[in-house]
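Here's the structure, in structure tokens; my notes come after.
Quick note: the coordinates plus some simple rules give every number you see, no bench work behind them. It should be emphasised that the depicted structure is a prediction, and the values quoted were computed from it without experimental measurement. Cβ: placed from backbone, ideal geometry, glycine included. Neighbour counts: every protein chain shown.
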Amino acid sequence: MLTGTVRRTGGGLYQVALDEGRVVTASLRGRLKRGGGERARVVIGDRVQVKEHGNGTATLEGVLPRLSEVVRRGPGGRGPKLIAANLDRLVVVVAVRAPEPPSGMVDRLLAVGAVNRIESVLVVNKADLADPAAVEERFGPYRRIGYSLVVTSVVSGEGLDALRALLSSGTSALIGPSGAGKSSLLNAIEPGLRLRTGELSRKRLTGRQTTVNAVLLPLSCGGFVVDTPGFNDVGVWGVSREDLGRCFPEFERHGEACRFGRSCVHLHEPECGVKQAVAAEAIARSRYESYCRLLEEARGADRAW
Ligand SMILES: Nc1nc2c(ncn2[C@@H]2O[C@H](COP(=O)(O)OP(=O)(O)OP(=O)(O)O)[C@@H](O)[C@H]2O)c(=O)[nH]1
Ligand SMILES: [Mg+2]
Ligand SMILES: [Zn+2]
């Protein structure tokens with residue numbers, strides 16, 4: 001039996017990079033196909049056991065235990081949906097404009113990482129389209145919360161070395177709205193990659209979902225990266241209402257002042273340290289509003305999966 005990592009999935013076939021170096025395409029063995037729900041699905045990043053049958057075909061015989069899973073709420077509130085397995089890092093990519101990130105989008109994407117206990121970093125792309133002071137004013141607060149922030153431009157080359165350095169260890173996945181420039185950034189930091197990139201729709205300046213299937217790629221700087229299709233509808237899955245506040249790092253310190261302690265969800269409770277911090281502008285109101293929306297949605301999405 002051979003061991004490898006799933007690099008690409010689609011149409012019932014799995015492209016697996018074997019540890020010994022070859023890449024094979026395998027189908028699922030019958031036993032793996034049956035039931036088990038979303039968690040049992042074989043996804044990008046999964047470590048798998050492969051059996052070759054000598055006639056050019058191969059089957060996936062088993063999935064090794066995962067070190068991490070990144071799950072999100074599916075489109076339209078349906079979910080859960082697994083993004084990938086065995087990731088070390090989520091790289092949230094948004095553009096300064098074209099497309100303008102929908103309100104709350106950055107907070108929601110960062111929360112996906114926190115819920116799954118994965119480090120998230122924020123990449124703000126298309127810096128060539130905005131005034132640097134405006135970029136700092138809008139995104140600088142995330143650095144103060146504690147997130148790494150990399151400002152990039154595929155056009156000017158700004159930030160590309162920093163991005164490459166960030167991706168040079170472990171396995172990262174780029175996630176973010178369609179058209180933010182995820183595939184373009186990867187093409188820019190890795191010569192010869194030739195990922196397909198797309199024009200924005202002329203009317204709405206939104207992306208057109210150019211990347212259709214996620215793919216795991218080895219980088220010459222040493223790391224592995226997953227390019228994912230963009231989405232504009234993202235939420236968290238699998239976090240209780242009481243735990244959601246812990247996915248907003250700047251709430252943590254102020255939450256100590258909540259009268260109801262760790263059971264406070266910072267909504268209608270009296271003497272809430274988080275709400276006081278929002279009133280005192282020590283926590284950004286936009287972050288609190290993003291939190292409240294996720295809290296509302298968590299009612300249906302706090303189930304184990
Ligand atoms: N001005 C400018 N345009 C960029 C930059 N990066 C990407 N673009 C353009 O933005 C458009 C979308 O880029 P993609 O790389 O396809 O975006 P994506 O995030 O991969 O989109 P999906 O695959 O749909 O999720 C393309 O027309 C790129 O040329 C940048 O730094 N500055
Ligand atoms: Mg893409
Ligand atoms: Zn509170």
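Things to note:
- Once the chain from Ser68 to Arg253 is taken as fully extended at 0.36 nm per residue, the excess over their C-alpha distance is 63.9 nm.
- Build a GNM of the chain with springs between Cα atoms under 10 Å apart, and of Glu289, Glu69, Glu20 the one that fluctuates most is Glu20.
- Paramagnetic reach from Val24 in the stretch 38-60 [backbone N under 19 Å; point 7 Å along Cα→Cβ]: 42-60
- Under Karplus coefficients 6.51, -1.76 and 1.60, residue-wise ³J(HN,Hα) of the stretch 147-160 in Hz, glycine/proline x: 7, 6, 10, 10, 9, 10, 8, 5, 6, 8, x, 4, x, 5
- Across every direction, the projection of the convex hull enclosing the Cα atoms of the chain has a mean area of 17.1 nm².
- Filter on Lys81/Lys182; Lys182/Lys275; Lys126/Lys275 - keep pairs with C-alpha separation over 32 Å: Lys182/Lys275; Lys126/Lys275
- The stretch 241-301 shape via C-alpha gyration tensor axes, a/c threshold 1.5: oblate
- In range of the label at Ser168: residues from the stretch 176-212 whose backbone nitrogen is under 20 Å from the point 7 Å along Cα→Cβ: 185-193
- Rounded if a/c under 1.5, otherwise prolate or oblate - the stretch 1-85, Cα gyration tensor axes: prolate
- Based on C-alpha pairs under 8 angstrom that are at least 6 apart in sequence, the stretch 34-186 has a relative contact order of 22 percent.
- Short-range pairs are left out: with C-alpha atoms under 8 Å and at least six residues apart, the relative contact order of the stretch 2-63 is 35 percent.
- Based on C-alpha pairs under 8 angstrom that are at least 6 apart in sequence, the stretch 241-301 has a relative contact order of 31 percent.
- Residues whose placed amide H lies under 5 Å from that of Val225, excluding near-sequence neighbours: Ser172, Leu217, Leu219
- Note on Arg138/Asn55: beta-carbon distance plugged into 1/(1 + (r/R0)^6) with R0 of 41 Å gives a FRET efficiency of 0.10.
- A Stokes-Einstein calculation at 10 °C with viscosity 1.306 mPa s, built on the Kirkwood radius of the stretch 69-227 over Cα pairs, returns a diffusion coefficient of 100 µm²/s.
- If you take the Cα centroid of the stretch 170-218 and the Cα centroid of the stretch 41-114, the two points sit 15 Å apart.
- Rounded to the nearest 500, the helix-only mean residue ellipticity at 222 nm of the chain stands at -7000 deg cm²/dmol, with each DSSP H run of n ≥ 4 adding -39,500 (n - 2.57).
- Listed by Cβ neighbour count within 10 Å, with the fewest neighbours leading, Tyr147, Tyr291 appear as Tyr147, Tyr291.
- For the stretch 183-228: rounded, prolate or oblate by the Cα gyration tensor [a/c cutoff 1.5]: prolate
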